[in-house]
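Report on the structure given below.
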Amino acid sequence: GTYERNAPAFKNTMLLLRLRARPRTKVHRRLATTTIFEVPGRVAVVSHANHVAEVRLDRPSKLNALDLPMFRAVRDAALALAKRRDVRAVVVRGAGRAFCAGLDVRGVFFGNTQELGAAGGPMRNPLRAAREACAELLDRDPPDAAANLAQQVSYLWRKVPAPVICATHGVCFGGGFQIALGADVRISTPSCKFSVMEAKWGLIPDMGLTTALPNLVPRDAAMDLAFTGRAFDGREALRLGLVTRIVEGDDVLVDAAFAQAQEIAKSSPDAVAAAKRLVHATYDDARVLHLETALQRRLLGTWNQLSKSAKSLGAPLVPGFLSRGDHWSDEADERAEARLQALLDGRDLDDIVEPAPSEHQEETTPASRAA
């Protein structure tokens, strides 16, 4: 009789003991949030009650690809967080199936013309729209600024005093990869795909990669990635040193990023900010960002760059490459080195006396290079 009366309590006690003994995955829950900055359909920044801010790339229908409004929004998000003294750690992640698929080529260069046409307005000249987009991305404002808009979406995360943790999943291509490289810590999954995608468009990575990649991987590995634009997964990224660690599965990725952010937030925010500044001062040379822009301008619109872009866009008839241009000759290298040294010395480029062309240097044209 006594057992029958106490049986329910006994069973409940045993069940509770089994549940307590069962290993559980610790879930780091995000607490109540306050919006810091938002551009609907592009980027949302919220502050959590535990001094951790969350930056969400919020264009999932396009795999968070970068059009001009997205570039501006990511830049403004970093600038907003740099002013927040209450933020002690930042988590950057992508909404939907991917972190960021890189540059939205059609959106960047033809987005305005398409939007005006859809709204019933006059269609703008596509070539003029493309030139204006290039100018906005590549020009510096002011001219002596360290980075242009294309570079700021990566480089400015170094200027946020709080550590920035990037959580990547799905794909992390091109500009998205360079945004991730701008973070202080990168956490990914084994299945996440990475690529220096610019090679597919006949271009160079010019969004701040030169301030990060040489400090993470050997020179030959950096060249392999920049020359080929090949895709590689999270495990290879970990072996190369491009990600800090990987976690098994997209479902635990964000929790892992927040767990590390919360751990950092327990430290003195002044000591953490000082450590971040010290490490970046030791490794970074932001002056090479100017060289990125100069070389990219030299490539944009050339025959070989357009040929490679046409192939990547799936054009049915793709013109072949011309022979390499004379920009990369010994004499051109001397001129380029002189200009780079002037930038490093803070001198006016107009004061440079460039080496005279060699008497053996032949005048080349597209036709002669194709021969």
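The values are calculated or read from the model by the stated rules, or taken from the named source; none is laboratory data. This one's a predicted model, so the numbers in the text were calculated from it and none came from an experiment. Cβ coordinates were reconstructed from backbone atoms using ideal geometry, including for glycine residues, and neighbour counts include every protein chain displayed. Remember, those area values only see protein heavy atoms, side chains included, never the ligands or the DNA or RNA. Shrake-Rupley method; radii C 1.70, N 1.55, O 1.52, S 1.80 Å.
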>> If you count only protein heavy atoms and use a 1.4 Å probe, how large is the accessible surface of Lys159, to the nearest 10 Å²?
In response: 110 Å²
>> Students sometimes get this wrong: rank Arg85, Arg298 by accessible area, probe 1.4 Å, all chains present, largest first.
In response: Arg85, Arg298
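Tell me, what is a quarter of the convex hull surface for the C-alpha atoms of region 171-213, in nm² with one decimal?
Average projection, Cα convex hull of region 171-213: 3.0 nm².
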>> Could you report the accessible area of Ser61 in Å², rounded to 10, computed with a 1.4 Å probe on the protein chains as they sit in the structure?
In response: 110 Å²
> Can you tell me the accessible area per residue over region 129-254, all protein chains present, probe 1.4 angstrom, in square angstrom?
Replying inline: 37 Å²
> How do Asp285, Asp255, Asp67 rank by accessible surface area computed with a 1.4 Å probe, from largest to smallest?
Replying inline: Asp285, Asp255, Asp67
>> With every protein chain left in place and a probe of 1.4 Å, what is the accessible surface of Met223, to the nearest 10 Å²?
In response: 90 Å²
>> From the protein chains alone at 1.4 Å, what is the descending order of accessible area for Glu248, Glu54, largest first?
In response: Glu248, Glu54
>> Taking the Cα centre as origin and putting +1 on Lys and Arg beta-carbons and -1 on Asp and Glu beta-carbons, what dipole magnitude results for region 228-312, to the nearest 20 debye?
In response: 620 debye
> Quick one: what does P(r) look like for region 127-284 with 5 Å bins over all Cα pairs, in whole %?
Replying inline: 2, 9, 16, 20, 19, 16, 10, 6, 2, 0, 0
>> How charged is the neighbourhood of Gly175? Take every other residue with its Cβ under 10 Å from the Cβ of Gly175, and add Lys/Arg as +1 and Asp/Glu as -1.
In response: -3
>> Please compute, for the alpha-carbon atoms of region 158-243, the extent along each of the three principal axes and give them in descending order in Å.
In response: 35, 27, 22
